[in-house]
Amino acid sequence: MTKDSPARTTDTSTYRLWKTATRLPLGSRLFSVGVSLKAPYFRTAYPHVTELRPGRCVVRGPAWWGNRNHIGTFHVIAALNLAEMAMGVLAEATVPATHRWIPVGMNVRYPAKSTGGMTVTAEWPELPDFSSISTGEDIEVPLRFVDDAGVEPVVGTITIRVSPGKKG
């Protein structure tokens with residue numbers, strides 16, 4: 001199923017909230033604060049959701065001292081915090097209310113150092129066919145990390161388990 005598939009008939013509550021919030025001045029910032037209130041650890045990296053649609057979420061973290069390590073580079077755990085937020089918001093905006101999800105693993109490498117801010121994109125090239133998931137199924141969420149200089153300092157994926165069942 002592609003991201004433009006007609007099989008997707010309803011937006012999730014998270015995606016509807018995003019569409020409502022982003023009609024307001026500073027709406028994406030308000031949305032980001034709301035996510036950080038729901039999952040407080042995310043706010044340690046000062047995340048800003050800059051783009052969201054089913055199957056794609058982009059989160060930006062600034063180049064502030066709290067995201068740096070002792071050698072002055074963007075701390076990899078801060079980058080992974082942004083990645084987990086991007087994955088989680090993508091899942092909340094994409095996985096239908098008939099299913100639930102939970103992260104079950106992360107696979108990352110750190111091939112380069114990074115200095116400026118960091119942008120993390122979680123994106124499914126094609127949306128999973130959730131209607132075919134009748135038991136738990138592990139689905140990888142590819143991640144792209146890019147710093148202000150265009151360097152990709154981290155490479156990785158997060159795996160989520162999607163299963164039928166009422167969310168909540």
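Since every read-out is calculated from the coordinates, none of them should be taken as a lab result. These numbers come from a predicted model, not from an experiment. Quick reminder, even Gly has a Cβ in these numbers, built from the backbone with ideal geometry, and neighbours come from all protein chains shown.
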Exercise. Counting only residues 5 or more places away or on other chains, whose amide H sits under 5 Å from the amide H of V141 once H atoms are built in the peptide plane?
Worked result: I158, T159, I160
Seminar exercise, completed: Phi-derived 3J(HN,Hα) across the range 104-114 with the Karplus relation (6.51, -1.76, 1.60, θ = phi - 60°), rounded Hz, x for Gly and Pro, is 10, x, 9, 10, 9, 10, 10, x, 8, 8, 10
For this session: Name the residue farthest towards the positive end of the dipole of the chain from the options A79, P40, S114, assuming +1 on Cβ of Lys and Arg, -1 on Cβ of Asp and Glu, about the Cα centre.
Result: P40
For this session: State which helices in the chain qualify, where a helix is a whole DSSP H run, it must extend 24 Å or more along its own axis by its Cα atoms, and its mean Kyte-Doolittle hydropathy must be at least -0.5.
Result: 76-94
Exercise. Which ³J(HN,Hα) values, rounded to whole Hz and listed in residue order, are derived for the range 135-148 from phi using the Karplus coefficients 6.51, -1.76 and 1.60 in 6.51 cos²θ - 1.76 cosθ + 1.60 with θ = phi - 60°, glycine and proline given as x?
Worked result: 9, x, 9, 7, 10, 7, 10, x, 10, 10, 10, 9, 8, 4
Problem set entry | Contour excess over end-to-end distance, with Cα ends at T50 and V108 and 0.36 nm allotted per residue | 18.6 nm
Problem set entry | the range 13-164, dipole about Cα centre (Lys/Arg Cβ +1, Asp/Glu Cβ -1), debye to the nearest 20 | 560
Problem set entry | Relative contact order [Cα under 8 Å, 6+ residues apart], the range 13-164, whole percent | 23
Exercise. Once both labels are modelled 7 Å past Cα along the beta-carbon direction, what's the A63-E152 spacing in nm?
Worked result: 2.1
